[in-house]
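Structure first, commentary second.
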Amino acid sequence: ANLATMEPWALDWVKGNIEFGQRPKLIGTFENGKLKAFLKADSIINAYHLKADSLRLALVLDGRGLTIPKATLYAPKEEFAISGDVDWRDSKKMYTHWQLAQKNGGSANVNVQLGDSLLIWARTDHLELSTIPLADIKLGDNLKGTITGAVFYDLDSRIAEAELEIDADVDPFIVHGYTKIRENGDTVIIDKAVVSHNNNNVAMEATSVP
């Protein structure tokens, strides 16, 4: 089936977070209450703040949720391997989990729980920043680097924790950074932040209260 780029049910399902430049194609079978399909989409203008030349994915959809065992995102600078699932068996909560792998060995995984509050857990391991195809932000061509760390965020309560290490090559400088940050409502606490270049280190601690 050829899906319209403005397919009403699809736009409602993703709440406007996906925009295609061309009509995606869906091929599949439906049997015993389960849809097994292959989706081919070219010219992805915006997909949850990412853009890509094309996307190929296999999916399984039934009453328990959505599973994507394999997907490949073709971006200008890299191909990303993606897998994930959405579990909606609990009528009061929805869970989703996604994994991403890069050719250079970098990876990321995200867990999201949507219920009374939106909870997000994310972890990265040497994720290369320069190849991530952001739709809204343009990174300079001279910026390369990786990020490793973990983030937790409770959106409704505004409670968050992040511990991150960044190795950046900002031509002509090579910089290493480490930070541990917490948020509690309107208060932001920087437990530690260190930036290193060659043998020079800058460290700080801070608390921001409005």
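The values are calculated or read from the model by the stated rules, or taken from the named source; none is laboratory data. Predicted, not measured: the structure shown is a model, and the values here were computed from it. In this analysis, Cβ positions are derived from the backbone assuming ideal geometry, glycine residues included, and neighbour counts consider all displayed protein chains. When the accessible area is computed, the model is the full protein with side chains, heavy atoms only, and any ligands, DNA or RNA have been set aside. Shrake-Rupley method; radii C 1.70, N 1.55, O 1.52, S 1.80 Å.
Using a 1.4 Å probe, what is the accessible area per residue for the chain, in Å²? Don't skip to the answer; put the middle values down first.
Values: 13500 Å² over 210 residues.
For the chain, the per-residue accessible area is 64 Å².
Taking springs between alpha-carbon atoms closer than 10 angstrom, which of ASP169, ASP85, ASP116 fluctuates most in the Gaussian network model of the chain?
Per the Cα network of the chain with a 10 Å cutoff, ASP116 tops the list.
Using a 1.4 Å probe on the protein chains only, how many percent of the accessible area of the chain belongs to carbon and sulfur?
Heavy-atom surface of the chain belonging to carbon and sulfur, 1.4 Å probe: 57 percent.
Running Debye on the chain with equal point scatterers at the Cα sites and no solvent, what base-10 log of I(q)/I(0) appears at q = 0.07, 0.13 Å⁻¹?
Taken in order of the listed q values, log10 I(q)/I(0) reads -0.28, -0.90.
Taking the Cα centre of region 143-210 as origin, sum charge times position over the Cβ atoms of Lys and Arg (+1) and Asp and Glu (-1), and report the length of that vector in debye to the nearest 20.
Approximately 140 debye in magnitude.
Looking at ALA108, ALA122, LEU39, which one has the Cα that reaches farthest to the positive end of the dipole of the chain (charges on Cβ: Lys, Arg +1; Asp, Glu -1)?
So the residue furthest toward the plus end is LEU39.
Normalised radius of gyration for region 110-165, please: alpha carbon Rg relative to 2.2 N^0.38 Å, two decimal places.
Normalised Cα radius of gyration, region 110-165: 1.35.
Among ILE190, ILE137, ILE174, which residue has its Cα furthest toward the positive end of the charge dipole of region 137-205, with +1 on Lys/Arg Cβ and -1 on Asp/Glu Cβ?
Of the listed residues, the answer is ILE174.
For region 47-127, take every pair of Cα atoms, bin their distances at 5 Å starting from 0, and report each bin as a whole percent.
That works out to 3, 13, 21, 24, 20, 12, 6, 2, 0, in percent per bin.
Please list the non-local residues whose amide H lies under 5 Å from the amide H of ALA135, H modeled 1.01 Å from N, same-chain partners needing a gap of 5 or more.
Placed amide hydrogens put LEU50, LYS51 under 5 Å from ALA135.
Express in whole angstrom the spacing between the alpha-carbon centres of region 34-71 and region 118-170.
23 Å
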